[in-house]
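Working notes for the structure below.
The values are calculated or read from the model by the stated rules, or taken from the named source; none is laboratory data. The shown structure was predicted, so the numbers you read here are calculated from the model rather than taken from an experiment. Every residue, glycine as well, gets a Cβ built from its backbone with ideal geometry; the counts of neighbours run over all protein chains shown. Please note that ligands, DNA and RNA were not included when accessible areas were found on the heavy atoms of the full protein model with its side chains. Shrake-Rupley method; radii C 1.70, N 1.55, O 1.52, S 1.80 Å.
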Amino acid sequence: FRFKDSLAEDLQSADLVISHAGAGSCLETLEKGKPLIVVINDKLMDNHQLELARQLHRDGYVLYCNCSTLVETLQSMDLSALKPFSPGQPEKFASFLDKVFGLQ
Amino acid sequence: TGGHTTEILRLLSCLSESYSPRHYVLADSDKMSEAKIHSFEQKRAETFSKSQFTLDRIPRSREVRQSWISSVVTTLYSILYSLPLTYKRKPDLILCNGPGTCVPVCLSAFLLGLLRIKRTIIVYVESICRVETLSLSGKILYYFSDYFIVQWPDLKKKYPKSVYLGRVV
């Protein structure tokens, strides 16, 4: 399919996700606790998408490759080495704002 | 737009009803955010009965990869367009997270502050996608915001006046 409003169902039933480096895709997948391989599009210039994918990889949350190394990555991957992803904490932000406005 | 909307709605998710009414400002070209916002506010209204929000649109200040010179012109136009909106709403707080749309809104509020018409606190939260470098909006608003929040430690090192709370979305 080309476009769906939400991938939540597909993600839920997947055992492995291979995705581009878009933040939404990465985070949604990680939050569902699914193993993720991020494929970088090296043809896109000024690709700041790389920053998040690279950091997630450094922190051990995702595997990481480009189009030409995808097959090799699939063949040699060890998904058990991936760390479980802890979600962001918007409550910390709310707490911070409350302090700014003297609401705490 | 898209990812920015999702992120900002997550930021709003834990805010109390003191942060009300909420005025959303969207780019005129943004088709999908309106639905997400309505959905968020609807859910919120289930818990907080007096929940209020409005939605306004402004011309998009800059297209992706638009040239520098034309960006300055379109942004100036957007600032002029935003001024009456910011003046009308006179927000106590502007919360934004990086789409080009937020720059003219923030700058118009900053201007109203300089003119002693309304002092708005500007809080900018850089997107979670920004680990090592700031977005263009971030680079600009780093100097105009009251609180500039980053979500990764590298950015805190590079931009010492920023606030680091860890990942918040």
List every residue pair whose Cβ atoms lie under 8 Å apart, where the two residues are 6 or more positions apart in sequence or sit on different chains, the first residue falls within the range B:1-21 and is more than 7 Å from chain A (Cβ to nearest Cβ), and the second residue, located anywhere, is open to solvent by less than 50 Å² (accessible area, probe 1.4 Å) and among the β-branched types (Val, Ile, Thr). B:Thr1/B:Thr101; B:Thr5/B:Ile37; B:Glu7/B:Val125; B:Glu7/B:Ile128; B:Glu7/B:Val169; B:Ile8/B:Val125; B:Leu9/B:Ile37; B:Pro21/B:Thr54
Here are the criteria: (1) open to solvent by less than 80 Å² (accessible area, probe 1.4 Å); (2) within 17 Å of A:Ser19 (Cβ to Cβ); (3) more than 14 Å from every other protein chain (Cβ to nearest Cβ). Tell me which single one A:Phe85 does not satisfy. (3)
Could you tell me whether any residue of the range A:38-57 is surrounded by 15 or more Cβ atoms within 10 Å (Cβ to Cβ), more than 17 Å from B:Arg130 (Cα to Cα) and either touching a Lys or Arg at 6+ places or on another chain (Cβ under 6 Å) or free of Cβ contacts under 8 Å to residues at least 12 places away in the same chain (or both)? no
Residues that are free of Cβ contacts under 8 Å to residues at least 24 places away in the same chain and either more than 14 Å from every other protein chain (Cβ to nearest Cβ) or not basic (Lys, Arg) (or both), drawn from the range B:22-58: B:Glu34, B:Ala35, B:His38, B:Ser39, B:Glu41, B:Gln42, B:Lys43, B:Ala45, B:Glu46, B:Thr47, B:Ser49
Note: among B:Ser20, B:Ser33, just one is in contact with a His (Cβ under 9 Å, 6 or more places away or on another chain) and surrounded by 12 or more Cβ atoms within 10 Å (Cβ to Cβ), namely B:Ser33
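Just need a number here: residues in the range B:118-132 that are open to solvent by less than 60 Å² (accessible area, probe 1.4 Å) and free of Cβ contacts under 8 Å to residues at least 60 places away in the same chain.
Final tally of qualifying residues: 10.
Would you tally the residues in the range B:64-82 being at negative phi, part of a loop (DSSP other than H, G, I, E, B) and either open to solvent by less than 70 Å² (accessible area, probe 1.4 Å) or touching an Asp or Glu at 6+ places or on another chain (Cβ under 9 Å) (or both)?
Pass one, the range B:64-82, residues at negative phi: B:64, B:66-82.
Checking which are part of a loop (DSSP other than H, G, I, E, B) leaves us with B:64, B:66-67.
Now restrict to residues that are either open to solvent by less than 70 Å² (accessible area, probe 1.4 Å) or touching an Asp or Glu at 6+ places or on another chain (Cβ under 9 Å) (or both): B:66-67.
Selection size over the range B:64-82: 2.
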Residues in the range B:83-93: is at least one in contact (Cβ under 8 Å) with a residue 60 or more places away in the chain and open to solvent by 60 Å² or more (accessible area, probe 1.4 Å)? yes
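Can you tell me which residue within the range B:141-152, out of those that are in contact with a strand residue (DSSP E or B) (Cβ under 9 Å, 6 or more places away or on another chain) and more than 10 Å from chain A (Cβ to nearest Cβ), is farthest from B:Ser127 (Cα to Cα)?
Within the range B:141-152, the subset in contact with a strand residue (DSSP E or B) (Cβ under 9 Å, 6 or more places away or on another chain) is B:141-142, B:144-152.
From what is left, the residues that are more than 10 Å from chain A (Cβ to nearest Cβ) are B:141-142, B:144-145, B:148, B:150.
Numbers: B:Leu141: 13, B:Tyr142: 13, B:Phe144: 17, B:Ser145: 15, B:Phe148: 11, B:Val150: 8 Å.
So the residue we want is B:Phe144.
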